[in-house]
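To start, the structure itself, in C-alpha cells.
The values are calculated or read from the model by the stated rules, or taken from the named source; none is laboratory data. A quick note: this is a predicted structure, and the numbers were derived from the prediction, not measured. Virtual Cβ from ideal backbone geometry, glycine too; neighbours counted across all protein chains shown. Protein only, heavy atoms only, side chains kept; ligands, DNA and RNA dropped before computing areas. Shrake-Rupley method; radii C 1.70, N 1.55, O 1.52, S 1.80 Å.
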Amino acid sequence: KEINGEVGRFSLSNAVDRDVGTNALKTYHLSESEYFSIEVQSGREGSKFADLILKKTLDREKQAVHNLILTAVDGGTPARSGTASVIVRVLDTNDNAPMFDKAGLTVTMLENSPIGSLVINLNATDLDEGSNSDISYSYSLYTSEKTQETFNLNPTTGEITVKGMLNYEDFNIYDMELKVLASDKGSVSLSTQCNVVIRVEDVNDNQPEIDITSLSSRIPEDAAPGTVVALMGVTDRDAGVNGQVVCSLSKRLLRYSS
Ligand SMILES: [Ca+2]
Ligand SMILES: [Ca+2]
Ligand SMILES: [Ca+2]
Ligand SMILES: [Ca+2]
C-alpha cells in the first residue's frame, strides 16, 4: 500500500484486509522506524484498526521513501501473523534555497576581450526536486545598469559573458560588481545572492601622445646653449608600465637646413 500526501494519521486497516482476515485479529506491530508508529484501535465486535502516526517531521532531502512492514497477529494458538508492506513516499516542499559554491568571486578579464567571451559559469544547486529546484538567474536591483549592459547573464545556465566593450581607459572600469540572484521556481520562490567582482585588466592599447605646447619656429644663431626651443607634454592613457613613457630624439630628425 502506498500513501501519498501529507502524513499525520492514516488508517492502515485496508492495507491488511487482503493479507490477514480481520476475524480474531489481536494486534498489530510496525517495523522499527524513527518517523512512524502505529496506534491500534478497537472497533465494534472486537475488530482492530491500525492508524499510522507520524512521530517526527519528515524531510524528503534526508529520506524520500520509507519502507515499513505492518504485521497483524491473530489471537489463535499458536498465534499466526500476516505482513503488509507500507511504502510512504514523502512529497517535496520548497524548503531549500539554491546555493552557490561560493558567496563571492573575483574574476579578472583583459580589456578589449571579444564580445561573447566567457567570464564565468555560475553553478547554483538546489536540494529540492522538480520546479522547487529549477533555478533561474537574474541580476539583483543593486547591479548597476552599466554593468548589466557590459555583461550578459544567461538566465537558465548562469553563464556570464562579455556583452559590451571592456575599455580600461574610457569608463574607469577597473572593478565591476555583479550581484546575481539564483531563484528557484517553487510556488514560494527562494533565492540566494552571489557577488561577482569582475576586475578589468589593462592592456597596452594606447600609444603615447606628444602634445607640443609651444614651439619657437625661429631660433637666433647666437642663442645660448640651454635656450628652451620647444615645450612638450607626453601622455599615455594606459596604466602602470603600459603608460610609462621614455622620450628620445631621433637622430634622423636632427638635420641642418641651409
Ligand atoms: Ca528550492
Ligand atoms: Ca524539499
Ligand atoms: Ca589600456
Ligand atoms: Ca601605452
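List the residue pairs whose Cβ atoms are under 7 Å apart, where the first residue sits in the range 131-155 and is within 15 Å of Phe100 (Cα to Cα) and touching a residue at least 40 places away in the same chain (Cβ under 8 Å), the second is acidic (Asp, Glu) and outside any helix (DSSP H, G or I), and the two are 6 or more positions apart or on different chains.
Filtered contacts from the range 131-155: Ser133/Asp126; Ser133/Asp184; Asp134/Asp184; Ile135/Asp126; Ile135/Asp184.
Quick one: count up the residues across the range 190-243 that are more than 40 Å from the chain's Cα centre (by Cα) and within 16 Å of ligand 4 (Cβ to nearest atom). Spell out the reasoning first.
Filtering the range 190-243 down to residues more than 40 Å from the chain's Cα centre (by Cα) leaves 207-236.
Within this subset, residues satisfying the condition of being within 16 Å of ligand 4 (Cβ to nearest atom) are 207-211, 233-236.
Residues in the range 190-243 being more than 40 Å from the chain's Cα centre (by Cα) and within 16 Å of ligand 4 (Cβ to nearest atom): 9 in total.
Would you confirm whether any residue within the range 60-80 is touching a residue at least 40 places away in the same chain (Cβ under 8 Å) and under 34 Å from the mean Cα position of the chain (by Cα)?
yes
I need the strands (runs of 3 or more DSSP E) fully contained in the range 174-217, keeping only those with at least 1 residues that are within 16 Å of ligand 2 (Cβ to nearest atom).
It comes to 175-184, 191-201.
Within the range 146-158, does at least one residue satisfy the condition of being open to solvent by less than 40 Å² (accessible area, probe 1.4 Å), within 16 Å of ligand 1 (Cβ to nearest atom), closer than 20 Å to Leu105 by Cβ and not aliphatic (A, V, I, L, M)?
Within the range 146-158 (the criterion being open to solvent by less than 40 Å² (accessible area, probe 1.4 Å), within 16 Å of ligand 1 (Cβ to nearest atom), closer than 20 Å to Leu105 by Cβ and not aliphatic (A, V, I, L, M)), the answer is yes, since at least one residue qualifies.
Among what's in the range 107-116 and is open to solvent by 40 Å² or more (accessible area, probe 1.4 Å) and at pLDDT below 95, pick the residue that is nearest to Leu166 (Cα to Cα). Working first, answer last.
Step one: filter the range 107-116 for residues open to solvent by 40 Å² or more (accessible area, probe 1.4 Å), giving 108, 110, 112, 114-116.
Restricting the remaining residues to those that are at pLDDT below 95 gives 108, 110, 112.
Working: Thr108: 12, Leu110: 8, Asn112: 5 Å.
Among them, the one singled out is Asn112.
Check Ser85 against each of (1) polar (S, T, N, Q); (2) part of a loop (DSSP other than H, G, I, E, B); (3) open to solvent by less than 70 Å² (accessible area, probe 1.4 Å) and name the one condition it does not meet.
All conditions are met except number (2).
Do you know which residues across the range 81-128 are more than 15 Å from ligand 1 (Cβ to nearest atom), of a type in the set (Gly, Ala, Ser) and in contact (Cβ under 8 Å) with a residue 60 or more places away in the chain?
Residues satisfying the conditions are Ser81, Gly82, Ala84, Ser85, Ala103, Gly104.
Of all residues in the range 61-82 being in a strand (DSSP E or B) and among the polar types (S, T, N, Q), which is most open to solvent (accessible area, probe 1.4 Å)?
Among those residues, the one meeting the criterion is Asn67.
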